[in-house]
Amino acid sequence: MEKGHTRRFARIPVYLGTALISGGNNYAAFIGNVSEGGAFAKTSPTTTAADFVPGTLIKLKFQIPSGEELNLTCEVIWLHTKKIEAQGLINSMGMEIIDPPSAFREFLKTFN
């Protein structure tokens, strides 16, 4: 991060299982942190990173502790791919949440 740069929204560390849906494919992943405007997620080992190139719109589907399922539309902002020998690729990505629903904003308030 550049010196003097501040984030628009504070990040909240979480560990939530999620499904990433991109390019007609469904990937197992987890969310490592969220904010009002974005999320960080990491996939389980996959065979591709092509569905996560920056600029791609993806869906994040996950269940919050209340039991409600959230579906967020996100744009991939950055992607880091790491090859894990004999397992495949781990894709770590930062995403901007497009028009977050009110249920997501209410979920974030539970961390205050």
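The values are calculated or read from the model by the stated rules, or taken from the named source; none is laboratory data. On a predicted model such as this, the values are computed, not experimentally measured, just so you know. Cβ atoms come from the backbone with ideal geometry, glycine included; neighbour counts cover every protein chain shown. Side chains are part of the model used for accessible areas, which takes the heavy atoms of the whole protein and leaves out ligands, DNA and RNA. Shrake-Rupley method; radii C 1.70, N 1.55, O 1.52, S 1.80 Å.
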Within region 30-68, considering residues that are aliphatic (A, V, I, L, M) and over 19 Å from Ile98 (Cα atoms), the one surrounded by the most Cβ atoms within 10 Å (Cβ to Cβ): Ala49
Only one residue in Ser66, Ser92 is of a type in the set (Gly, Ala, Ser) and outside any loop (DSSP other than H, G, I, E, B). Which one? Ser92
Does region 91-112 hold any residues that are free of Cβ contacts under 8 Å to residues at least 60 places away in the same chain, surrounded by 10 or more Cβ atoms within 10 Å (Cβ to Cβ) and either over 24 Å from Gly55 (Cα atoms) or of a type in the set (Gly, Ala, Ser) (or both), and which are they? Ser92, Gly94, Ala103, Glu106, Phe107, Thr110
Please go through region 40-51 and give me each residue that is at pLDDT 95 or above and out of contact with any Phe, Trp or Tyr (no Cβ under 8 Å at 6 or more places or on another chain), ordered by number. Phe40
Test each condition in (1) assigned to a strand (DSSP E or B); (2) open to solvent by less than 40 Å² (accessible area, probe 1.4 Å); (3) of a type in the set (D, E, K, R) for Lys83 and report the one that comes out false. (2)
Restrict the check to region 1-22 and report whether at least one residue is surrounded by 11 or more Cβ atoms within 10 Å (Cβ to Cβ), in a loop (DSSP other than H, G, I, E, B) and of a type in the set (Val, Ile, Thr). no
Which pairs have Cβ atoms under 6 Å, sit 6 or more apart or on different chains, and link a residue in region 43-71 that is over 17 Å from Gly24 (Cβ atoms) to one that is among the hydroxyl-bearing types (Ser, Thr, Tyr)? Phe62/Thr18
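From Ile64, Ile90, which residue is under 21 Å from Lys109 (Cβ atoms) and over 11 Å from the mean Cα position of the chain (by Cα)?
Values: Ile90 fails: under 21 Å from Lys109 (Cβ atoms).
On inspection, the qualifying residue turns out to be Ile64.
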